[in-house]
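Each remark here refers to the structure printed beneath this line.
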Amino acid sequence: MSQDQPILHVCTSCRHGDDRGAGASLADRLETLAAGAEGGFRVNPIVCLAACERGCTAALSAAGKWSYVVGGLTPDLAGDMAAYARAYGASPNGVVLRAGRPVSLHQAIVSRLPPLPEPRS
């Protein structure tokens with residue numbers, strides 16, 4: 001597993017409706033997909049992304065790339081989120097236009113953050 005792969009931070013405390021374990025289930029499914037043949041990203045399960053009103057939430061980040069917070073996820077969207085993470089990893093700057101994301105994620109972007117500046121020497 002390459003250290004320069006994008007990291008998919010997945011909130012394990014998120015719930016979807018009455019399903020209090022939805023975030024943990026999403027993280028588990030994504031870890032399975034990340035370990036598979038297509039891989040291309042790492043999963044970092046975390047306790048909270050503080051976007052509770054958006055349902056299950058995840059964030060994509062990588063060095064030198066824009067970072068994205070994605071909401072409204074459910075465990076059954078793990079495959080779509082994995083496809084987005086792979087497209088993000090293939091993008092030189094992390095930008096994946098709406099047409100490059102699975103249809104289920106067209107409205108899922110909550111916010112994006114610019115890349116961190118390079119350290120000054």
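Below is a table of values for the structure above.
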| read-out | value |
| --- | --- |
| The chain, accessible surface, carbon-and-sulfur percent (1.4 angstrom probe) | 55 percent |
| Highest-first arrangement of 47-55, 88-96, where packing means the average Cβ count within 10 Å | 88-96, 47-55 |
| With eigenvalues of the C-alpha gyration tensor scaled by 5 and rooted, the range 54-105, Å | 18, 12, 9 |
| Local electrostatic count at I109 - Lys and Arg +1, Asp and Glu -1, tallied over other residues with Cβ under 14 Å | +3 |
| Computed P(r) (all Cα pairs; the chain; 10 Å bins; percent) | 15, 49, 31, 5, 1, 0 |
| Computed [θ] at 222 nm, helices only, for the chain once each DSSP H run of length n ≥ 4 contributes -39500 (n - 2.57) | -7000 deg cm²/dmol |
| Cysteines, the chain, no other Cys beta-carbon under 4.7 Å | C48, C52 |
| A35-A90 pseudo-label distance in nm [points 7 Å out on the Cα-to-Cβ vector] | 2.5 nm |
| Packing-based ranking, highest mean first, of 9-19, 75-85, 105-115 given that Cβ atoms within 10 Å are counted | 75-85, 9-19, 105-115 |
| Degrees, to the nearest 10: 78-90 long Cα axis against longest axis of the chain | 0 degrees |
| Long-range Cα-Cα pairs in the range 19-61 (distance over 11 Å), rounded percent | 67 percent |
| Nearest-ten-degree value, helix 22-35 long axis tilted from longest Cα axis of the chain | 50 degrees |
| Fraction of antiparallel bridges per DSSP, the chain only, in percent to nearest 5 | 70 percent |
| Residue-span extension gain [L116 to C52] - 0.36 nm each, minus C-alpha spacing | 20.5 nm |
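The values are calculated or read from the model by the stated rules, or taken from the named source; none is laboratory data. Please read all numbers here as calculations on a predicted model, not as lab measurements. Every residue, glycine among them, receives a Cβ derived from its backbone with ideal geometry; neighbour counts consider all protein chains shown. To get the accessible areas, we keep the full protein, side chains included, count just its heavy atoms, and leave off ligands, DNA and RNA. Shrake-Rupley method; radii C 1.70, N 1.55, O 1.52, S 1.80 Å.
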